[in-house]
Every structure is written in structure tokens, then in C-alpha cells.
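A short write-up of the structure that comes next.
The values are calculated or read from the model by the stated rules, or taken from the named source; none is laboratory data. Just so we're clear, the structure is a prediction, and the values are computed from it rather than from any experiment. As a convention, Cβ positions derive from the backbone with ideal geometry for all residues, glycine included, and neighbour counts pool all protein chains shown.
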Amino acid sequence: MCVGSLVPAGTAGSIAADDEIPEAAMNDTIVHHENAEHAAHAAAHGSKRAALLIAMLAAALAVSEQQAKKAEIAVQENSILAADTWSQYQAKSIRSALAQDLERLGYTLEQPTRAELVAARQGVLRQFEADRVRYETDDKDGKAAIAARAEAFEAAREHALERAHSFDNAAAALELGIVLATASVVTLSRPLIRFAGALGTAGVALSVLGAVAPSLGAF
């Protein structure tokens with residue numbers, strides 16, 4: 001007698017169905033486990049990319065802040081030099097005006113009768129005139145030369161101020177990029193890390209403009 005003939009037909013079908021249910025459940029478990037592994041791998045990969053981006057943005061931020069500080073020091077130095085030079089210009093203007101006034105006053109005085117006094121008077125007047133011309137036109141210490149130096153210091157100050165503004169703007173963009181990149185690690189948000197990368201790119205571009213064309217990066 002066959003053993004299978006002793007098992008009722010309904011019972012055999014039930015046993016086969018019971019064998020298929022655990023197998024299907026096991027397949028679902030395997031699929032879910034693989035999906036979880038892929039998700040964890042993607043999250044880890046995204047975290048590594050975010051960490052690398054944060055490191056790069058932090059390095060760029062350090063450079064931008066250093067250059068901004070140097071530019072601010074240059075602004076202060078050139079401001080002091082310009083102020084000192086304009087003070088020197090004012091002093092030369094006062095001396096020139098005084099020499100001119102004394103020269104005019106000398107011509108209004110009564111002409112002496114003695115020859116030696118006439119010669120002395122003419123010598124003093126010529127000295128006043130020479131001093132006035134020297135105060136105005138001396139190549140090194142004349143008013144024109146001093147004014148040119150003062151204007152050069154002011155131009156250097158304005159250039160340094162534009163550099164400082166450009167590097168400050170770059171630092172702000174880089175700091176925002178770091179904040180968003182850090183948030184993307186917590187939220188696992190790709191748009192955030194992309195936006196952080198865009199801000200980092202803008203910050204680097206502003207840093208480059210601060211070095212080569214600060215007027216374009218200062219706003």
C-alpha cells in the first residue's frame with residue numbers, strides 16, 4: 001500500500017500551501033533587507049559626499065576670511081596714509097599762501113633810498129616768490145606731488161575696500177553652503193546638498209573676483 005494513498009487529497013493541498021507561504025515570506029524579507037542595505041549604502045555615500053563638500057567649503061572659507069582681513073588692514077593703512085598726506089598738503093598750502101602774502105606786502109612797502117636796502121628788499125621778495133613756487137611745483141614735496149600721493153593712497157584704499165566687500169560676500173556664501181551641507185547630512189536631502197554646492201561655487205567665484213576684479217564682487 002502506498003503511503004500517499006493514505007493522505008486525503010485536501011490535506012495534501014494544505015501541506016503544499018503551507019510550504020509555499022514561508023518561502024514567499026522569506027523572499028519578501030530578503031528583498032526588504034537588500035533594499036535597506038541599498039538605502040544605508042546610499043545614505044553613507046551621501047554623507048561622505050556632504051562631509052567632503054563641507055571640508056572643501058571650510059577650506060575656501062578660511063582663505064576668504066584671511067584675505068578679507070588683509071584687505072581690511074590695507075583699508076586702514078591707506079586711510080591713515082591718505083589723511084597724513086592731505087595734512088601735509090594743507091601745511092604746504094598754508095606756507096605757500098603765507099609766502100605769497102608776504103611777497104605782496106613787500107611790494108606795498110615804501111621803496112628804500114639806500115642801495116643796499118633796495119638790494120636786500122629785492123632779495124627777500126625773490127626768496128618769497130621762490131618759496132611760493134617751490135611749495136606749489138616741487139617734484140617731490142610740492143602741492144601737486146603731495147596731492148598725487150594722497151589720491152594714490154585713496155585709490156588704494158577704495159580698491160582694498162572693494163576687495164574686503166568681495167571676500168566678505170564670498171565668506172557669507174560659503175558659510176551658508178556649510179550650514180546647508182550639514183543639514184543635508186541630517187535630513188538626507190539631495191536638493192539641500194545641491195544648493196549647498198551652488199552656494200559654495202558662488203563663494204569661490206566671489207573669492208576669485210575679490211583677487212582679480214573686486215569691483216565686480218563688491219555689492
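Identify the residue in region 98-123 that is touching a helix residue (DSSP H, G or I) at 6+ places or on another chain (Cβ under 6 Å) and assigned to a helix (DSSP H, G or I) and, among all such residues, is farthest from Ile146 (Cα to Cα). Before the answer, list the steps.
Filtering region 98-123 for residues touching a helix residue (DSSP H, G or I) at 6+ places or on another chain (Cβ under 6 Å) gives 99-100, 102-103, 106, 112.
If we keep only those that are assigned to a helix (DSSP H, G or I) too, we end up with 99-100, 102-103, 106.
Working: Ala99: 18, Gln100: 19, Leu102: 23, Glu103: 24, Gly106: 29 Å.
Top of the filtered list is Gly106.
Kindly list, by first and then second residue, each pair from a residue in region 119-141 that is surrounded by 14 or more Cβ atoms within 10 Å (Cβ to Cβ) to a residue that is small (Gly, Ala, Ser), limited to pairs with Cβ atoms under 6 Å and residues at least 6 apart or on different chains.
If the second residue must be small (Gly, Ala, Ser), the pairs left are Leu125/Gly106; Phe128/Ala99; Asp131/Ala99; Arg132/Ser96; Arg132/Ala99; Tyr135/Ser96; Glu136/Ser96; Glu136/Gly142.
One residue is enough: does region 159-168 have a residue meeting the conditions out of contact with any helix residue (DSSP H, G or I) (no Cβ under 8 Å at 6 or more places or on another chain) and under 30 Å from Lys140 (Cβ atoms)?
The initial filter retains those residues of region 159-168 that are out of contact with any helix residue (DSSP H, G or I) (no Cβ under 8 Å at 6 or more places or on another chain), namely none.
No - not one qualifying residue is present in region 159-168.
Does Ala148 meet the test of being free of Cβ contacts under 8 Å to residues at least 12 places away in the same chain and within 20 Å of the chain's Cα centre (by Cα)?
Working: free of Cβ contacts under 8 Å to residues at least 12 places away in the same chain: yes; within 20 Å of the chain's Cα centre (by Cα): no.
No.
If we scan region 144-167, do we find a residue that is assigned to a helix (DSSP H, G or I), over 27 Å from Glu65 (Cβ atoms), touching a Lys or Arg at 6+ places or on another chain (Cβ under 8 Å) and at pLDDT 90 or above? Before the answer, list the steps.
Initially, region 144-167 is screened for residues assigned to a helix (DSSP H, G or I), giving 144-167.
Checking which are over 27 Å from Glu65 (Cβ atoms) leaves us with 144-152.
Subsequent filtering for residues that are touching a Lys or Arg at 6+ places or on another chain (Cβ under 8 Å) retains 146.
When the remaining residues are screened for being at pLDDT 90 or above, the result is 146.
Yes, region 144-167 contains at least one residue that is assigned to a helix (DSSP H, G or I), over 27 Å from Glu65 (Cβ atoms), touching a Lys or Arg at 6+ places or on another chain (Cβ under 8 Å) and at pLDDT 90 or above.
Looking at region 40-52, is at least one residue in contact with a Ser or Thr (Cβ under 8 Å, 6 or more places away or on another chain), touching a residue at least 24 places away in the same chain (Cβ under 8 Å), under 30 Å from Ala211 (Cα atoms) and of a type outside the set (Asp, Glu)? Quick ask: steps written out before the conclusion?
To start, the set of residues in region 40-52 that are in contact with a Ser or Thr (Cβ under 8 Å, 6 or more places away or on another chain) comprises 46, 50.
So of that shortlist, the ones also touching a residue at least 24 places away in the same chain (Cβ under 8 Å) come out as 46, 50.
So of that shortlist, the ones also under 30 Å from Ala211 (Cα atoms) come out as 50.
From the residues that got through so far, the ones that are of a type outside the set (Asp, Glu) too are 50.
So far as region 40-52 goes, yes, one or more of its residues are in contact with a Ser or Thr (Cβ under 8 Å, 6 or more places away or on another chain), touching a residue at least 24 places away in the same chain (Cβ under 8 Å), under 30 Å from Ala211 (Cα atoms) and of a type outside the set (Asp, Glu).
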